[in-house]
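The values are calculated or read from the model by the stated rules, or taken from the named source; none is laboratory data. Owing to the predicted nature of the structure, the values given are computational and were not obtained by experimental measurement. In this analysis, Cβ positions are derived from the backbone assuming ideal geometry, glycine residues included, and neighbour counts consider all displayed protein chains. Accessible surface is based on the protein model in full, side chains and every heavy atom, while ligands, DNA and RNA are left aside. Shrake-Rupley method; radii C 1.70, N 1.55, O 1.52, S 1.80 Å.
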Amino acid sequence: MATGVVEMHDEYAILLDAVRGIRWPARSSVRGGIPGAHTSRLRGISAEFTEYRPYRQGDDTRRIDWKLFARSDRAYIRLSNDRAILPTMIVLDASASMAFPVATRGKWTVAAQLGVALGAVARNSGDPVGLVIAGEEPQLLAPRMRRSVTHDIIRAVSAARPSGSAPISPSVSIAAQYAGRLVIVTDLLGDAAELLTVASRLVAAGREVHVVHVIAGEEIDPPRDAAMVFDPESPQLRRALTGDTRDAYVAAYGAWRDHIAHDFAEAGVSYTTVVVGKETPDHLIRRITVARGAAATA
């Protein structure tokens, strides 16, 4: 048992070290609140001075620059860009399709790495971070700033096993109750339209929303040998993938990816495509944390 715990932490130790210096700035000014690393929408009395404005009735008298008043006999207030935290929630899709390919569970492995690394980057940037594992029974880790939160996330993703066909949108709605920034790591299979609707509403409400689309290489370019394929979330659905049917699938899957990338970007969602095994996890983290609304593809 103890050996398993050590191996679990060793698996992420190199990753955490690789992302240690990455910071995650907000895409826009955030709503004021607890002081933090991000520029706030509110202007107050912090040390980061920006400009003066003549005093108006109702202004906070604590913001009057009394030295300037003594020199000019006019009352001016100091405006400044206050700083605020940005609570961050990471939602990991744990439906059965995330366990593909079956031999490696590649999509889930990448999703788990992203969840751990993004959580660490958010926490290192001074933001509370939490997690929702979206399965048949969503698992919630409310956002917190304590050092142990990264280890809490590691334990949660290590214990999770992708299964079932539960939609991810309800888990996103749960996460939205806690966060100003949401990161949704999913393969978008089955409920992309519903997720787009929920994400659009959150963006309209002022939330920062990231969708990380995890794709297995075999989904983009299936083997050319004759094969019988099935839907992991509906195993009874089977289809032979040979010749013309394979070519039709490749074309349809590519068109679908282009369509959803466009729709999420149009909605103001930061959309990033991640292909399993194509990049190192720390490089993926850098792409995700610098995304600015336009689709970021591998």
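Odds and ends about this structure:
- Candidates Ala166, Ala122, Ala175, filtered to the one that is crowded, with 16+ Cβ neighbours inside 10 Å, in contact with a Gly (Cβ under 8 Å, 6 or more places away or on another chain) and at pLDDT below 95: Ala166
- Single residue of the stretch 146-162 satisfying the filter (without any contact (Cβ under 8 Å) to a residue 24 or more places away in the chain and in contact with a strand residue (DSSP E or B) (Cβ under 9 Å, 6 or more places away or on another chain)) that is most open to solvent (accessible area, probe 1.4 Å): Ala159
- Residue satisfying all of: in the stretch 277-298; over 13 Å from the mean Cα position of the chain (by Cα) and surrounded by 15 or more Cβ atoms within 10 Å (Cβ to Cβ); modelled with the highest pLDDT among these: Glu279
- Set Gly180, Gly190: member being touching a Leu at 6+ places or on another chain (Cβ under 6 Å), in contact (Cβ under 8 Å) with a residue 24 or more places away in the chain and surrounded by 14 or more Cβ atoms within 10 Å (Cβ to Cβ): Gly180
- Within the stretch 262-276, residues that are open to solvent by 30 Å² or more (accessible area, probe 1.4 Å) sit with their Cβ atoms under 6 Å from residues that are β-branched (Val, Ile, Thr), at 6+ positions apart or across chains, in these pairs: Val276/Val110.
- In the set (1) open to solvent by 40 Å² or more (accessible area, probe 1.4 Å); (2) at pLDDT below 95, Leu241 fails one condition alone, (1).
- Taken over the stretch 123-158, residues that are in a helix (DSSP H, G or I) and not charged (D, E, K, R) amount to 9.
- With respect to the conditions (1) touching a residue at least 60 places away in the same chain (Cβ under 8 Å); (2) of a type in the set (Val, Ile, Thr); (3) closer than 19 Å to Val19 by Cβ, Val129 lacks only one, and its number is (1).
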